[in-house]
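The values are calculated or read from the model by the stated rules, or taken from the named source; none is laboratory data. Please read these numbers as outputs of a predicted model, since none were measured by experiment. No Cβ is skipped: glycine too gets one built from the backbone with ideal geometry, and neighbour counts run over all protein chains shown.
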Protein chains: 2
Amino acid sequence: MAKQKKQPRPKAITPKGFRDYFGTEVTRRKHMLDQIAAVYHRYGFDALESSAVETVEALGKFLPDVDRPNEGVFAWQEFDEKGNGDWMALRYDLTAPLARVYAQHRNELPTPYRRYAMGPVWRNEKPGPGRFRQFYQCDADTVGTASMAADAEICAMLADTLETVGIPRGDYLVRVNNRKVMNGILEGLLIDNEVTRALPRNLEDALETRMSDWQFADPDAVLRTIDKFDKVGADGVVELLTTGRKDQSGAFIEGLGLSNQDASRVVAFMGARGESNEATIGNLRALLDGSKVGTEGVDELEQIVDLLEAQGYGPDRIVIDPSVVRGLGYYTGPVYEAELTFEILDEKGRKRQFGSVAGGGRYDDLVKRFTGQAVPATGVSIGVDRLLAALEAKGRLSNDGQGPVVVTVMDKSRLADYQAMVGELRQAGIRAEVYLGNPKNFGNQLKYADKRNSPVAIIAGSDEFDAGKIQIKDLVLGAKIAESATLEEWKERPSQFECARSDMVAKVREILEAENDG
Amino acid sequence: MAKQKKQPRPKAITPKGFRDYFGTEVTRRKHMLDQIAAVYHRYGFDALESSAVETVEALGKFLPDVDRPNEGVFAWQEFDEKGNGDWMALRYDLTAPLARVYAQHRNELPTPYRRYAMGPVWRNEKPGPGRFRQFYQCDADTVGTASMAADAEICAMLADTLETVGIPRGDYLVRVNNRKVMNGILEGLLIDNEVTRALPRNLEDALETRMSDWQFADPDAVLRTIDKFDKVGADGVVELLTTGRKDQSGAFIEGLGLSNQDASRVVAFMGARGESNEATIGNLRALLDGSKVGTEGVDELEQIVDLLEAQGYGPDRIVIDPSVVRGLGYYTGPVYEAELTFEILDEKGRKRQFGSVAGGGRYDDLVKRFTGQAVPATGVSIGVDRLLAALEAKGRLSNDGQGPVVVTVMDKSRLADYQAMVGELRQAGIRAEVYLGNPKNFGNQLKYADKRNSPVAIIAGSDEFDAGKIQIKDLVLGAKIAESATLEEWKERPSQFECARSDMVAKVREILEAENDG
């Protein structure tokens, strides 16, 4: 009741990069998340909902491609009474909070701890078309076991999940690689110069020479170059890894300075996927040339494949693919990615594969940040919006967009009677409402029903009340008749008819059933 | 792969006032929200999920009891490339964002717009026991109609919702009041002094006197005093409204300076609830003594009651109660509150009524902040955690806490066989997992199963594999036997038995069904 100070009107807009979700945008996502949660639950995973706000130090700094002042997160400082301020931030994924939760509650939680989580995450990134600063993730992770059975299980679960939500077998592929194999290939790559060229080819002999003169290639730069494979092809990658390359605009991009031999080995690694998983494993072993960490990685891939094949998950669903590179810095072992292989048209009308909808891997050092003790962990994150877009492209979204039956208002003094009608319909489980806008213009009431995507309108004025009747207007049929040139096929089903008030529920149900069948 | 700078270990804790939710804490809330959403949907309400982040100006300042530096919200400034900074904040409720959404999208949305929303909100308040800075709300609102039918509908829907989630009729009451009636009573209350005492009793005559000499009581202070009714009783309220009162500690609290007559009228208003809604309406009309705004409020209450009674919602479910005071400043008409009337024991073991779990009302001016045009609106918010606590007190929470069947690992080289077992169980819709911790200590595996609340453990070593058999351990039965002194009643149901590998799924299902029946 205190008077508000006169202020300029606030703008009715979301902050830049944020958006609202309406009606079926909400319920379809929810339906898909429910389906995913059911699979996760059947696999023994327990729900976790951690707080959306974390201390900045607990979140850590693991985001790739950080180009914003706040290093990719939304953060603020909270001052207490004494003026001491802690920095807090919105979570940017569900993995960093899991590591914090496990470290905090590890004495009460079972080991291993299988948990799933779904919810919004926030990124303080430059927004772009279709790129928002709040979006959903849906994760499943197993913390506290180094067993490859945990990684295999998550790959199998990912395949089951995709089929459950409506991606048929053959339209997806879970591709598995191993960071250790990549390290075996990428670590110790030398810049090709006079010193390194003079080194003995054999590493053990080379170790006898002066290491301070060696120049190592930056593994991250090599990884970033590999990631351009889809754009520039194998030859382009070799050029970028060695002496450099002119891009389409004519600009010259410096090379990383590897020898042709090493560059070819890197490209061969990317393309090492064979006809079968066994062939891929053979290719990798040959390329790794006995590297200890690399061989450990191939052994792990072999274990995963064996476990999966014993359960019937063959290479038509889950396959070893050395070209998989996951961006996040914290992976330490197997990495995996679910790719949808069917084609869609891009914005320029060209066909392209739909691409990745989920990814994850093993991150054995995240919990250690808090506890100092190694706690192995592995897990996957589903890109909820991407997967929804895929289901939309496949026409697999649930058809839950039907509006309510609208009871129109012909006589304002009969509001209680109209309310009684919707009461009966709702009791019968039928979505229904009375028109609550200004009833003066009947046309507006039908326009409203149209906007609501209503299947049926009920009409009753004083004549109908006196006769104990109502009018039922079949709006879906009406729309179909309006669309189609010939009325023939609709002749036997009138789009508006009169019936006894007492038959209302039965008649409305008949129409709804006919529409849901049709 | 770039080396992280050596830093002190982060603390594994949530920020103060935040918490995590585990397992059934998540799924039971979700189950309840699903039930509520189904009722809202049947009433014709559409889902809306607005962004969690809003501009500070869009949120406005409507929080009561603000005692924190940031005025009750978590806010931060976002700088763009030019160094211009907008203030952004986490939403503190779901109503302020609805007003923004409706103002922003009003041309595309139907009018009236019925929407429901559920999700976390954030308050930058001092945390306390059971009082968190992130919590769930679950709202339904109708925007764009001044019709009392909208308010009546929401009261009816609230009653239906409570019954749907498991609060039986008779254990709750939706109490309705009207801000206009309160204004009719409270506005124009004069401080009792020489000037005002000399005023003619009749307001119109009084208006002829010098208004600048009048001293009005602060309506907010009167409201706050009324809110102490439960604590200090009618006599205490009269004292606080007039000359003041000694509290239990002996400290004297200044009175508001009303005349005894006015104070009695206020207390009479609070206690104006009669034997029936009709009686209450009669009492209110008598007390209001022709006040224009007050009478308008009573007329509205009468309309609501008429509409509800026509639909069968009598005073056993929804009742007019002039003692309802809602804290938020933006209400302009009917206000309503759902109260649970059954008794629970408080922390000191005393019986008390459970109290309020939902509240709302009409707020006709919130959208106007943005658009300048009046847009009437009314809606309710359910306190999700309070309602969950109520269901727990009533033993009505869904019993979904059963853990997975755990397939134990006796022989590490047989991992693929164990995985095949859980594969079969999962295929049959049974929640199951292989133990993925270190299998060396078998006791740890059974402890794990216990911690997971597993109903069944499967055991198979090389003997069993050779014989094509497995051992099934009924863990729930085992626990019951361990609890009870006599073994008699369990004689016919052994807690561990051997069966053929091929009978595994059938036998496990038998046990699960027996447990769910028992």
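Just for region B:423-443: of the residues that are hydrophobic (A, V, I, L, M, F, W, C) and within 8 Å of chain A (Cβ to nearest Cβ), which one is farthest from A:PRO376 (Cα to Cα)?
Applying the filter and picking the extreme gives B:ILE430.
Inspect all residues belonging to region A:436-446 and state whether any of them is in contact with an Asp or Glu (Cβ under 6 Å, 6 or more places away or on another chain) and surrounded by 22 or more Cβ atoms within 10 Å (Cβ to Cβ).
no
Among the residues of region B:43-81, write down those that are part of a loop (DSSP other than H, G, I, E, B), modelled with pLDDT of 90 or more and either facing chain A (nearest Cβ under 7 Å) or farther than 25 Å from A:ARG19 by Cβ (or both).
Across region B:43-81, the qualifying residues are B:TYR43, B:GLY44, B:SER50, B:SER51, B:ALA52, B:PHE74.
Considering only residues that are in contact with a strand residue (DSSP E or B) (Cβ under 9 Å, 6 or more places away or on another chain) and either within 23 Å of B:PHE132 (Cα to Cα) or buried (at least 21 other Cβ atoms within 10 Å of the Cβ) (or both), which ones fall in region B:362-382?
Across region B:362-382, the qualifying residues are B:ARG362, B:TYR363, B:LEU366, B:VAL367, B:VAL375, B:PRO376, B:ALA377, B:THR378, B:GLY379, B:VAL380, B:SER381, B:ILE382.
Looking only at region B:142-155, count every residue that is more than 8 Å from chain A (Cβ to nearest Cβ) and either in a helix (DSSP H, G or I) or in contact with a helix residue (DSSP H, G or I) (Cβ under 6 Å, 6 or more places away or on another chain) (or both) and tell me the total.
Qualifying residue count for the region: 5.
Only one of these conditions is not met by A:GLU337: (1) within 24 Å of A:ILE226 (Cα to Cα); (2) among the charged types (D, E, K, R); (3) over 17 Å from the mean Cα position of the chain (by Cα). Which number is it?
For A:GLU337, the failing item is (3).
Name every residue in region B:318-334 that is within 14 Å of another protein chain (Cβ to nearest Cβ) and over 16 Å from B:GLU275 (Cβ atoms), in order of residue number.
B:VAL325, B:ARG326, B:GLY327, B:LEU328, B:GLY329, B:TYR330, B:TYR331, B:THR332
Looking only at residues that are over 23 Å from B:GLY429 (Cβ atoms) and surrounded by 21 or more Cβ atoms within 10 Å (Cβ to Cβ) in region B:406-416, which one is farthest from the other protein chains (Cβ to nearest Cβ)?
B:VAL409
Given the options B:SER259, B:SER323, name the one that is in contact with a Ser or Thr (Cβ under 9 Å, 6 or more places away or on another chain), hydroxyl-bearing (Ser, Thr, Tyr) and assigned by TED's automatic domain parsing to the domain that holds B:VAL174.
B:SER259
Might you check whether a residue that is touching a His at 6+ places or on another chain (Cβ under 7 Å) and without any contact (Cβ under 8 Å) to a residue 60 or more places away in the chain occurs anywhere in region A:452-470?
Within region A:452-470, not a single residue is touching a His at 6+ places or on another chain (Cβ under 7 Å) and without any contact (Cβ under 8 Å) to a residue 60 or more places away in the chain.
So for region A:383-405 (the condition being polar (S, T, N, Q) and buried (at least 19 other Cβ atoms within 10 Å of the Cβ)), does at least one residue qualify?
The answer is no; no qualifying residue exists.
Out of region A:410-427, which residues are charged (D, E, K, R) and within 15 Å of B:TYR40 (Cα to Cα)?
A:ARG426
Which residues, counting only those in region B:328-354, are farther than 29 Å from A:ARG426 by Cα, among the aliphatic types (A, V, I, L, M) and not in a loop (DSSP other than H, G, I, E, B)?
B:ILE344, B:LEU345
Can you name every residue in region A:110-123 that is in a loop (DSSP other than H, G, I, E, B) and either in contact with a His (Cβ under 7 Å, 6 or more places away or on another chain) or at the interface with another protein chain (Cβ under 8 Å from one of its Cβ atoms) (or both)?
Within region A:110-123, A:PRO110, A:THR111, A:PRO112 meet the criteria.
Any residue that is farther than 30 Å from B:HIS105 by Cβ, under 28 Å from the mean Cα position of the chain (by Cα), at pLDDT 90 or above and surrounded by fewer than 16 Cβ atoms within 10 Å (Cβ to Cβ) - is there at least one of those in region B:293-304?
No, that holds for no residue.
Can you say whether B:ILE253 is surrounded by 18 or more Cβ atoms within 10 Å (Cβ to Cβ) and either under 30 Å from B:THR145 (Cα atoms) or touching a strand residue (DSSP E or B) at 6+ places or on another chain (Cβ under 9 Å) (or both), as far as the supplied structure shows?
So B:ILE253 does not fit the description; no.
Please go through region A:19-42 and pick out each residue that is of a type outside the set (A, V, I, L, M, F, W, C) and more than 9 Å from chain B (Cβ to nearest Cβ).
Correct list: A:ARG28, A:HIS31, A:GLN35, A:TYR40.
What do you reckon, is B:VAL325 touching an Asp or Glu at 6+ places or on another chain (Cβ under 9 Å), farther than 30 Å from A:VAL422 by Cβ and part of a loop (DSSP other than H, G, I, E, B)?
When the stated conditions are applied, B:VAL325 passes them.
Pairs please, first residue from region B:426-438 and farther than 10 Å from A:THR145 by Cβ, second anywhere and among the hydrophobic types (A, V, I, L, M, F, W, C) and part of a loop (DSSP other than H, G, I, E, B), Cβ atoms under 8 Å, 6+ apart in sequence or on different chains.
Every condition considered, the pairs that remain are B:VAL434/B:VAL409.
Please indicate, with yes or no, whether at least one residue in region A:86-100 is assigned to a strand (DSSP E or B), basic (Lys, Arg) and touching a helix residue (DSSP H, G or I) at 6+ places or on another chain (Cβ under 8 Å).
No, every residue in region A:86-100 fails to be assigned to a strand (DSSP E or B), basic (Lys, Arg) and touching a helix residue (DSSP H, G or I) at 6+ places or on another chain (Cβ under 8 Å).
Name the strands (runs of 3 or more DSSP E) wholly within region B:355-474 that hold at least 3 residues that are of a type outside the set (Asp, Glu)?
So the answer is B:377-383, B:405-407, B:456-459, B:469-474.
Every residue in region A:295-315 that is more than 14 Å from every other protein chain (Cβ to nearest Cβ) and in a helix (DSSP H, G or I), please.
A:THR295, A:GLU296, A:GLY297, A:VAL298, A:ASP299, A:LEU301
Looking at this structure, is B:ARG285 assigned to a helix (DSSP H, G or I) and charged (D, E, K, R)?
yes
The rows are residues; the columns are (1) free of Cβ contacts under 8 Å to residues at least 12 places away in the same chain; (2) of a type in the set (Phe, Trp, Tyr).
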position	(1), (2)
A:GLU296	no, no
A:ASP299	yes, no
A:ILE304	no, no
A:LEU308	no, no
A:GLN311	no, no
A:ILE318	no, no
A:TYR330	no, yes
A:GLY333	no, no
A:ALA338	no, no
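Could you please give the count of residues in region B:430-453 that are under 20 Å from A:ALA38 (Cα atoms) and modelled with pLDDT under 95?
2
Residues checked against (1) within 17 Å of the chain's Cα centre (by Cα); (2) in contact (Cβ under 8 Å) with a residue 60 or more places away in the chain; (3) under 15 Å from B:ARG106 (Cα atoms):
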{"residue": "B:ILE344", "(1), (2), (3)": "no, no, no"}
{"residue": "B:LYS348", "(1), (2), (3)": "no, no, no"}
{"residue": "B:GLN353", "(1), (2), (3)": "yes, no, no"}
{"residue": "B:GLY359", "(1), (2), (3)": "yes, no, no"}
{"residue": "B:ASP364", "(1), (2), (3)": "no, yes, no"}
{"residue": "B:LYS368", "(1), (2), (3)": "no, no, yes"}
{"residue": "B:ALA377", "(1), (2), (3)": "no, yes, yes"}
{"residue": "B:VAL380", "(1), (2), (3)": "yes, yes, no"}
